[in-house]
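Asks: Can you read through this structure? Questions will come right after.
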Amino acid sequence: MPVALARVIDVAHTLWPLAGAEEWDVPGLIVGDPSAEVRAIHLAVDAVADTVAEAVERDAQLLLVHHPLLLRGVTSVAEDRYKGTMVARLIRGGCGLLAAHTNADVVARGTSAVLAARLGLVDPHPLVPSARDASLGLGRVGELPAPVTLGELARGLGEILPPTAQGIRGAGDYFAPIRRVALCAGAGDSLLANPAVQSADVYITSDLRHHPASEARENARIGGGPALLDISHWAAEWLWLEAAADELRAALPEVTVTVSELRTDPWDFALV
């Protein structure tokens, strides 16, 4: 039995409240008529050509993504450019588009919380707690059940995350013992100076740029600080999709919810 898109939006905003989004973020409905009927929802990290085509081919009436398609301002959705083409294909295919972005990062079963759980961290809590609820917030920090080496942790991540061309990059002693782990699914170099990150044995995140990573490494040599593990942005956040799907299935049992297994990491190969 189908439900109205407006009902799905209400559920999404209950699971991932808009109040939790960063000020610069634009989660929510991007394409679609709130009065339209929804029988199937398809989840993906990104609204790109392959995932849009997959959603339409599966006859989904909603594509729910983590990354907002129109995060940066646009002045045209003409079909001679990527974003306009995606909007047009979704509309023609009768498929709406909804994004849950930083509002899905901070919740109890958000992107970083899922990664922390997959690693088995004990008592994980936010790196940047919410002012409204200290159990919510960006990133997570906790301890492994038993120490492992940095190399062993990196290999363990490789078993948890879907494969990508980037793989996993590490900075630090491969054999250094690791117990306390800080992490932030997605791009987290803005948190490198966070006290909880600095006091951890390792910091796991994505999109680490040369200068912040180099500075963190040099500071660690002088005054202490974490080793670094740089993982794929897409892979880290893809783990969240199944948890999100489970929550949607529980709230909307009359709706079919599926998760895309397409790799939308932008890199196709790496040479070493």
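The values are calculated or read from the model by the stated rules, or taken from the named source; none is laboratory data. What you see is a predicted model, and the numbers here were worked out from it, not measured in a lab. Neighbour counts are summed over all protein chains in view; Cβ atoms, including those assigned to glycine, are modelled from backbone coordinates with ideal geometry.
Asks: Residues in the range 60-102 that are of a type in the set (S, T, N, Q) and within 25 Å of A4 (Cβ to Cβ): how many?
Replies: Final tally of qualifying residues: 1.
Asks: Identify, please: which residue in the range 132-143 is among the hydrophobic types (A, V, I, L, M, F, W, C) and modelled with pLDDT of 95 or more and is, among those, farthest from the chain's Cα centre (by Cα)?
Replies: V141
Asks: Looking at A220 and the list (1) surrounded by 16 or more Cβ atoms within 10 Å (Cβ to Cβ); (2) in contact with a helix residue (DSSP H, G or I) (Cβ under 8 Å, 6 or more places away or on another chain); (3) assigned by TED's automatic domain parsing to the domain that holds L150, which single condition is not satisfied?
Replies: Failed condition: (2).
Asks: Before we move on, is R118 touching a His at 6+ places or on another chain (Cβ under 8 Å) and of a type in the set (D, E, K, R)?
Replies: no
Asks: Where residues in the range 205-256 are within 30 Å of L15 (Cβ to Cβ) and hydroxyl-bearing (S, T, Y), which of them is farthest from the chain's Cα centre (by Cα)?
Replies: Looking at the filtered set, the residue picked out is T256.
Asks: Only one of (1) surrounded by fewer than 16 Cβ atoms within 10 Å (Cβ to Cβ); (2) of a type outside the set (D, E); (3) over 17 Å from the mean Cα position of the chain (by Cα) is not met by L71, so which one is it?
Replies: (3)
Here is a yes/no grid of residues against (1) over 20 Å from S232 (Cα atoms); (2) assigned to a loop (DSSP other than H, G, I, E, B):
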| position | (1), (2) |
| --- | --- |
| R7 | yes, no |
| A12 | yes, no |
| I41 | yes, no |
| D46 | no, yes |
| A55 | yes, no |
| A60 | yes, yes |
| P68 | no, yes |
| T75 | yes, yes |
| V114 | no, no |
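Asks: In the range 4-13, which residue that is over 18 Å from the mean Cα position of the chain (by Cα) and in contact (Cβ under 8 Å) with a residue 40 or more places away in the chain is surrounded by the most Cβ atoms within 10 Å (Cβ to Cβ)?
Replies: In the first step, residues of the range 4-13 are kept if they are over 18 Å from the mean Cα position of the chain (by Cα); the result is 4-11.
Imposing the further condition that a residue be in contact (Cβ under 8 Å) with a residue 40 or more places away in the chain reduces the set to 5, 7-9, 11.
Numbers: L5: 21, R7: 17, V8: 25, I9: 18, V11: 17.
If we take residues in the range 4-13 being over 18 Å from the mean Cα position of the chain (by Cα) and in contact (Cβ under 8 Å) with a residue 40 or more places away in the chain, then V8 is surrounded by the most Cβ atoms within 10 Å (Cβ to Cβ).
Asks: Tell me, which helices (runs of 4 or more DSSP H) lie completely within the range 168-272 with 3 or more residues that are charged (D, E, K, R) and without any contact (Cβ under 8 Å) to a residue 60 or more places away in the chain?
Replies: Values: elements: 195-198, 210-223, 233-251.
Passing ranges, in order: 210-223, 233-251.
Asks: Counting only residues that are touching a Lys or Arg at 6+ places or on another chain (Cβ under 8 Å) and of a type in the set (S, T, Y), which one in the range 157-202 is farthest from G137 (Cα to Cα)?
Replies: Top of the filtered list is T164.
Asks: Now a separate question. Determine if the range 99-111 includes at least one residue that is among the hydroxyl-bearing types (S, T, Y), modelled with pLDDT of 95 or more and touching a strand residue (DSSP E or B) at 6+ places or on another chain (Cβ under 7 Å).
Replies: yes
Asks: How many residues are surrounded by 14 or more Cβ atoms within 10 Å (Cβ to Cβ) and under 21 Å from the mean Cα position of the chain (by Cα) when one looks only at the range 144-157?
Replies: Going through the range 144-157 one residue at a time, the tally reaches 4.
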